[in-house]
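Read-outs throughout are calculated quantities, based only on the coordinates presented, and are distinct from any laboratory measurement. None of the values given here were measured: they were computed from a predicted structure. Cβ: placed from backbone, ideal geometry, glycine included. Neighbour counts: every protein chain shown.
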Amino acid sequence: MNTSNKTVRIGVIGAGYVARHHLAALRRLAFVEIVGICDLDAKAAHALASEFDIPLVAPTLGELVAKQRPDAVYVLTPPASHCPLTLQALELGCHVFVEKPMAESVAECDAMIESARAKGLVLSVDHSDLFDPVILRTRELVERGAVGQTLAADIVRSSDYPSYAGGPLPAMVRQGSYPFRDLGVHGLYVLEALLGPISRLDVDYRATGSQPNLQFDEWHATATCARGTGRMLLSWNARPMQNRLIVHGTRGSVEADRFLQTCRQQRVLPGPKFIGIVLGAFVLALRDVFRIPWNVLRFATGRLRPSPGIQRGAEEFARALQEGRSPPISAEDGRCPIALMEAACARADAERTAELEARLMPLEPADALVTGANGFLGRRLVAALRARGQRVRVLVRAPSAALEAMRDLQVLIGDLGDPRIVDHAVAGVGTVYHVGAAMRGDLRAFEAGTVWGTRNIIEACNRHATGKLVYVSSLSVLDHAGRDPAVPVTEASAYEPRPQDRGAYTQTKLAAESMVLEAVAARQLSAVVVRPGQIVGPGAEQVTPNGTLAIAGLWIAVGARSQTLPLVYVDDVVDGLLLAAEASAANGRIFNLVDPNTVTQGAYLDLVKAKLGRRLRLVRLPAFAFLALAAGVELLGKLLGRGVPLTRYRARSLRPLANFDIAAARTGLSWQPRVGLRRGLETMFANHAAPQMDALPDRVDA
């Protein structure tokens, strides 16, 4: 062990979320020199190196050690890599501090422990919750008898994960046990710290279906401990988010809130039971009135650091190395929760693996594949194809009772971002209708559903020589803010020049459309791009029309009532997609599908209001007022150094496109609205707005 009182040289492996907290902690220690960092994501590694003045970004651990000779390595990578990286670092002569969980199996833990022992090196694990200030305070109260004899402890933790960003399935999606491996390990070592060794652990898990890429999103565990019973609830659905620990005893209880960084002690007070309960609750509430705002202020001023347990754990290992003493968390401590979890994790992993493999069942050839078949347009397209007698296959993220009820339909479950399931879905299909795309979520979700999804579709279509790809794009890819209203909108109209400023939907749809067109030009892909206007029809009444925002249940219509909307009825879009698949001369072309009838935003909103009644809360803002609001929000974002959902550019881009020339669709596809906007809106709104329907304009030439 390095017993020098001088410098401890540390290398960091991993440049993800947790690395930032370790680096922030290590940089505060005068005796630590951070000598290098490496990660498979070189861009992320370079960003952290620049921020924390790290002299070397190495492509591999071997190169980092060869060039910088660190005394210790912090392994801050996903759990599957903990064992191989730790063994490599030990072989290269470095002490190791590894993130939780220590490894994915007891066998891996034992191999790591044996290697460290044989080489005389220090191996420690980051059990960061034990260093969290409120957990430390809770342990102190329990150990000095503040709750009397301990009886039980409850851990309640809700969470969410970054969206799957596409590509080969990561462990979070692939492993059934991932949530329990990730957070259950914290609960187990905390319960043992409070209640003593666990002699029995019963684990239950289930899938609610609300997290398509997280198979088992509810976990319950009951631990029989030496000094009471521990219970743990881990949920990826419960809201608001919680991270609480409650210890129950014969003379009181202690509740730690990790999010608010509060520790509340409730004692048995003398006097009548009811009065004691009320008085205790009143005192705790009064303290919280002052304590919670104080903690918020401490956090805002930097006195309360984010993830304090992670940071202190990182510091304590470095101090132990410098002082030549054993680390606070031993490798054997790290092995203990892995041994407790192993059986339940293996069971969940086996179930998830079997479920994923079942998705790749052999399939009979099909005439058509429809992605996004659970969506508004996808459902109508599937119905039209089946009505034509075609054998249809669909790829959807989550099961649907309506789709499963169609016995002649081949239903595949999977994410468009997953290359493996997309390739399986495309194999043996004559025509691919790529309707699916991300509609909500963060940028990672849009990258997976739209960019990766389209890339996967293109690759699979080329690999399997698919007859035709019909790609459903969007009018959002066009320039809204800079267009001249007097110039007709055509397929050659300018693309959005600032997609990153418009938002994730526009940014990813433009990237996806470009990929399709590039594949047509460079790889002879047989494909057609169809850009529908805003699709209307029964079921779309609660979708905001162009130029209108929905915020917390309130619709905000921006600009004049007289601005027209680029609408098209859903069945007419389906007709266009079918024609695009059949027209050989359409290959490589783009077609805008917008009804030549024009309806004003005001008239359309009147129809919606008449149908939805009190369910619709609608206000209208003049364009200049909305632009001023956007300027204020944008300024606030700059002052806080954070991104904001509304900017002046987005405000200017909100105005609907108008003045469409649909000659390309008429001549290239022989497309003409069969239902038309007037009849479509009559069907959509039925008898809810018959008087207003007479106000709709007659058909006009586009």
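Just a few scattered comments:
- The residues packed around PRO328, meaning those with a beta-carbon under 12 Å from its beta-carbon, carry a net charge of -2 if Lys and Arg are +1 and Asp and Glu are -1.
- Reduced Cα scattering model of the stretch 396-521, Debye log10 I(q)/I(0), q = 0.18 Å⁻¹: -1.00
- Remark: relative contact order (the chain) = 10 percent; criterion is Cα-Cα distance under 8 angstrom and separation of 6 or more residues.
- Likely footprinting exposure, THR150, THR683, fewest C-beta neighbours within 10 Å first: THR683, THR150
- Taking THR598, THR222, THR86 and counting other C-beta atoms within 10 Å, the order from fewest to most: THR222, THR598, THR86
- Sorting PHE180, PHE685, PHE624, PHE317 from the fewest to the most surrounding beta carbons within 10 angstrom yields PHE624, PHE685, PHE180, PHE317.
- The base-10 log of I(q)/I(0) for the stretch 163-239, evaluated at q = 0.24 Å⁻¹, reads -1.05 [Debye formula, identical scatterers on Cα atoms, solvent excluded].
- When the Cα convex hull of the stretch 1-122 is projected onto planes of every orientation, the mean area is 6.9 nm².
- Projected onto its three principal axes, the C-alpha set of the stretch 248-328 covers 55, 32, 15 Å, listed from the longest axis down.
- Share antiparallel - DSSP beta bridges, the chain, percent rounded to 5: 40 percent
- Contour minus Cα-Cα distance for TYR17 and THR667 (0.36 nm per residue): 228.7 nm
- For the stretch 61-152, convex hull volume per residue from C-alpha positions, Å³: 138 Å³
- Computed over the stretch 86-233, Cα set: Rg, Dmax in Å: 17.8, 53
- Considering only Cα atoms, the convex hull volume of the chain works out to 199 Å³ per residue.
- Proximal lysine pairs, the chain, alpha carbons under 29 Å, eight or more residues apart or interchain: 12
- By the equivalent-ellipsoid construction on the alpha carbon gyration tensor, the stretch 574-680 comes out with semi-axes of 37, 22, 12 Å, ordered largest to smallest.
- Volume of the convex hull of the stretch 508-652 (Cα atoms only), normalised per residue: 140 Å³.
- Residues in the stretch 619-628 carry Karplus couplings, in order, of 10, 10, 10, x, 4, 5, 5, 5, 5, 5 Hz; the curve used is 6.51 cos²θ - 1.76 cosθ + 1.60 with θ = phi - 60°, and Gly or Pro positions show x.
- Taking 19 Å as the cut-off, the amide N atoms of the stretch 52-84 that come nearer than this to a point 7 Å along the Cα-to-beta-carbon line of ALA118 belong to 82-84.
- Most simply put, the stretch 416-558 has about 40% antiparallel DSSP beta bridges, counting only bridges with both residues inside it.
- Potential lengthening between ARG69 and ALA384 on full extension [0.36 nm per residue; Cα-Cα distance subtracted]: 106.8 nm
- Radius of gyration (Cα atoms) of the stretch 345-395, expressed as a multiple of 2.2 N^0.38 Å: 1.55.
- Around the amide H of GLN242, modelled in the peptide plane, lie the amide H atoms of SER158, all under 5 Å away and 5 or more residues distant in sequence or on another chain.
- The stretch 190-260, relative contact order [Cα under 8 Å, separation at least 6], %: 24 percent
- If R0 is 45 Å, the Cβ-Cβ spacing of ARG642 and PHE31 corresponds to a FRET efficiency of close to 0.85.
- Using the Cβ-Cβ distance between ARG319 and HIS46 with R0 = 22 Å, the FRET efficiency computed as 1/(1 + (r/R0)^6) comes to roughly 0.15.
- 3J(HN,Hα) couplings calculated from phi for the stretch 540-557 with the Karplus curve 6.51 cos²θ - 1.76 cosθ + 1.60 (θ = phi - 60°) are, in sequence order, 9, 5, 9, 8, 5, x, 3, x, 10, 10, 10, 10, 6, x, 9, 8, 10, 8 Hz; Gly and Pro show x.
- Spherically averaged projected area in nm², based on the convex hull that wraps the Cα atoms of the stretch 430-492: 5.8 nm²
- Part-to-part distance (alpha-carbon centres) for the stretch 220-286 and the stretch 314-357, which is given in Å: 27 Å
- For the stretch 463-585, the relative contact order is 29 percent, taking Cα pairs closer than 8 Å that sit 6 or more residues apart in sequence and dividing their mean separation by the residue count.
- Comparing Cα centroids, the stretch 598-656 and the stretch 184-209 end up 48 angstrom apart.
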